[in-house]
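What follows is a set of notes on a single structure, which appears directly below.
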Amino acid sequence: MSTSEKLEIGMKRVKADLIAFKKEKNSELVVMQGDKIVHIKPEDIPN
């Protein structure tokens, strides 16, 4: 398994863990969409 494959797997895991954490704590996810900062409610976060 190459380093880039390991990094890709790790980043997917981080994303899944962050989404689970935000939903568990009922906390908004703050992301950048284009040039805007957007707050996403936990119930609206896609899996």
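Computed values, structure above
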| quantity | calculated |
| --- | --- |
| Any hit, the stretch 34-42, residues being assigned to a helix (DSSP H, G or I) and out of contact with any strand residue (DSSP E or B) (no Cβ under 6 Å at 6 or more places or on another chain) | yes |
| Any hit, the stretch 6-22, residues being outside any strand (DSSP E or B) and in contact with an Asp or Glu (Cβ under 9 Å, 6 or more places away or on another chain) | yes |
| Close pairs (6 angstrom Cβ cut-off, 6 or more residues apart or separate chains): in contact (Cβ under 8 Å) with a residue 24 or more places away in the chain and surrounded by 11 or more Cβ atoms within 10 Å (Cβ to Cβ) in the stretch 10-39, hydrophobic (A, V, I, L, M, F, W, C) and not in a helix (DSSP H, G or I) anywhere | Ile19/Ile45 |
| Unmet requirement for Ile9, which otherwise passes all of (1) at pLDDT 95 or above; (2) in contact with a strand residue (DSSP E or B) (Cβ under 9 Å, 6 or more places away or on another chain) | (2) |
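The values are calculated or read from the model by the stated rules, or taken from the named source; none is laboratory data. Just so you know, these numbers come straight off a predicted model, no measurement behind them. Neighbour counts are summed over all protein chains in view; Cβ atoms, including those assigned to glycine, are modelled from backbone coordinates with ideal geometry.
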